[in-house]
Structures are given as structure tokens and as C-alpha cells.
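Following: one structure in C-alpha cells, then a few remarks.
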Amino acid sequence: FSLNAECGKADQDAILRLAQTADILAFQENTPEFVQSLEDKGLLDDFPYRLGTAEHESFGTMIWSRTPLTLVATGKTRYTSLVVHTTVHDTVWTVSTLHAVSPKDGSGVWEQDGAAIADLLRPYVGERLVVVGDFNAIDEHLTMRRIRDVGLQDSMTGWALTAGDGWQVSWPNDPRVPFLIRIDHALHSASVDAWRPSFVTLSGTDHRAMIATFAPH
């Protein structure tokens, strides 16, 4: 379950409901107040392990898990990006979550951040690697192409559209405008099978939540 919580303003009761069927939670724009409130509501009961940062504005990124986490690496990115190991159902997984800068911050900074993400993930593509988060890029953007080129596949590809599938978008969740683009992605290495992610609208955040399912190949 991955969500950009928009500086911790996302509907926490909805998060707790959606988390019930997840093994791992990944939050971008993870603030100290957001973490404290989720703890007060009992999230630690089901997800006692966590790694990452809780910071104000857009800088915090955190993974919560039902199973123990080991920090493997952090990225040289503006916002926190991390890679962890955990074992779920007797399988060792390498899990990364990240939040890339927006192209509105400038094309040079945006491209540099994308390159840093590619550098972060490249050493782990031989493992059972899954990557979720707010990439601030659509499939066709240069940064996404370079990240996939390290040896990752997009969970949205390779699937025939079924009735009601439609155009999967994740941003912006704003009553003044329609959803326009998908900048939240779920990627995986060749040793992983994946299903098409689903996207769920929550209140309090400009992103839709993404629910991705993976299995060993």
C-alpha cells in the first residue's frame, strides 16, 4: 500500500481500513504528526516495524511492515528514498519507496533526482526487488525511462485491459479539476510477478492510494 499523504493530511481512518490486507505500507510526505496520529490510532499493533524519516513538508518517507525490516540503502535524493530487506511468507524481499522531486522544481533538478533513483536501485535488480512511490513522472518521461532501464518492469504493463479498467490515473485528487496523469508507480525486477495495481481515492491528499500485489517469479 503506497500513498503520498500530502504533508500528512491524508484520511488516516481510510488508511487504517485499506492497510488491513497489506503486508507493507509506504508513505511519502510522511510528517511527525502523521506518524504520531497513526500510532495513536493503533497502527503499531499490526505494523510494529518501520524505517525511514518523518519530516515536515514533503521530505519524509517511511516504510511500515508486519515483519522485521533491515535498512539496505538510502538515496542521494532531495526527499528521503530508501531500500530495505524484509521476509514475507518465507520469501526475502527487497523493497524500495521513494518520492522524486517535481519537474516544477526545474528540469535539471528533476533529471538529477531521477538519476539518483536509478543509481539507488541498480545494485538490487538481481534480487526480488519491488519499488513503489511518487515518481513525479509519467511513463513516457525521461526519468521514468532511465529508472526502468536499470532492469525494472512496470506493473501496469503486460496486462490486457478489462471492462472498467480505463485510464489509470493517480493525480491530482482535486475537486476543481479531473484526475489527469499517473505519477505513482509500482515497479519490479525480473524475479517478481506483479498484478495491475489498483488506485483508491482518499480525502485529504492530492494523490490516490496505490495498492500493488507481488509474488516471487
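Tabulated data for the structure shown
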quantity	calculated
Pair list, Cβ under 9 Å, 6 or more apart: the stretch 87-108 residue of a type in the set (Phe, Trp, Tyr), other residue open to solvent by 70 Å² or more (accessible area, probe 1.4 Å) and part of a loop (DSSP other than H, G, I, E, B)	Trp93/Arg128
Test: residue in the stretch 81-102 that is at positive phi, open to solvent by 50 Å² or more (accessible area, probe 1.4 Å) and not polar (S, T, N, Q)	yes
Matching residues in the stretch 43-72 - criterion: being open to solvent by less than 20 Å² (accessible area, probe 1.4 Å) and small (Gly, Ala, Ser)	Gly60, Ser65
Close pairs from the stretch 142-153: first in contact (Cβ under 8 Å) with a residue 24 or more places away in the chain, partner of a type in the set (Asp, Glu) and part of a helix (DSSP H, G or I), Cβ under 8 Å, at least 6 apart	Leu142/Glu111; Thr143/Glu111; Thr143/Asp113
Residue in the stretch 20-37 that is open to solvent by 10 Å² or more (accessible area, probe 1.4 Å), within 24 Å of Arg196 (Cα to Cα) and among the small types (Gly, Ala, Ser) present	yes
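The values are calculated or read from the model by the stated rules, or taken from the named source; none is laboratory data. Computed from a predicted model, the values in this text were never measured in an experiment. Virtual Cβ from ideal backbone geometry, glycine too; neighbours counted across all protein chains shown. Note: accessible area is taken over every heavy atom of the protein model, side chains too, but ligands, DNA and RNA are not part of it. Shrake-Rupley method; radii C 1.70, N 1.55, O 1.52, S 1.80 Å.
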